[in-house]
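This report concerns only the one structure given below.
The values are calculated or read from the model by the stated rules, or taken from the named source; none is laboratory data. What you are looking at is a predicted structure, and each value in this text was computed from that prediction instead of being measured. Cβ placement follows ideal geometry from the backbone for every residue including glycine, while neighbour counts extend to all protein chains displayed.
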Amino acid sequence: MTPILKDPDAALGYAIRWPDALLAGAAIATASWSIEPDEAGGIVPSSDFIDGGETGARFSGGLAGRVYRAVCHVTLSDGRAADRSLVIRVEQG
């Protein structure tokens, strides 16, 4: 997976498009984001959204030189659940 580059001072939105095969007629009922590693000064997700088969959030902060994994956990309307992640590398621009 190719990391997304982000400046520590930027607040940028990123989204995940969930495959139609995974949804299989179900809707995304809930979505929550977590960051690994969870550390002081690390990336913080906000303004999360669900738009049809897409979930996303705005990510701010982060320590220059660090790599983070933003994990989105969804629960579908039929009770199934899945995770997808984004890899974000923070670099001073």
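What number of residues in segment 1-13 are β-branched (Val, Ile, Thr) and in a loop (DSSP other than H, G, I, E, B)? Residues meeting the conditions: 1.
Do you know which residues across segment 47-58 are hydroxyl-bearing (Ser, Thr, Tyr) and crowded, with 18+ Cβ neighbours inside 10 Å?
Hit for segment 47-58 is 55, nothing else.
Pick from segment 74-93 the residues that are of a type in the set (A, V, I, L, M, F, W, C) and touching a residue at least 60 places away in the same chain (Cβ under 8 Å): which of them is surrounded by the most Cβ atoms within 10 Å (Cβ to Cβ)? Filtering segment 74-93 for residues that are of a type in the set (A, V, I, L, M, F, W, C) and touching a residue at least 60 places away in the same chain (Cβ under 8 Å), the one surrounded by the most Cβ atoms within 10 Å (Cβ to Cβ) comes out as 90.
Matching residues to (1) in contact with a Ser or Thr (Cβ under 9 Å, 6 or more places away or on another chain); (2) loosely packed, with under 12 Cβ neighbours inside 10 Å; (3) without any contact (Cβ under 8 Å) to a residue 24 or more places away in the chain; (4) part of a strand (DSSP E or B):
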{"site": "15", "(1), (2), (3), (4)": "yes, no, no, yes"}
{"site": "21", "(1), (2), (3), (4)": "no, yes, yes, no"}
{"site": "31", "(1), (2), (3), (4)": "yes, no, no, yes"}
{"site": "35", "(1), (2), (3), (4)": "no, no, no, yes"}
{"site": "40", "(1), (2), (3), (4)": "no, yes, yes, no"}
{"site": "45", "(1), (2), (3), (4)": "yes, no, no, yes"}
{"site": "60", "(1), (2), (3), (4)": "yes, no, no, yes"}
{"site": "64", "(1), (2), (3), (4)": "no, no, no, no"}
{"site": "72", "(1), (2), (3), (4)": "yes, no, no, yes"}
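Could you grab me the full set of residues in segment 45-73 that are under 10 Å from the mean Cα position of the chain (by Cα) and either aliphatic (A, V, I, L, M) or at pLDDT below 95 (or both)? Within segment 45-73, 57, 70, 71 qualify.
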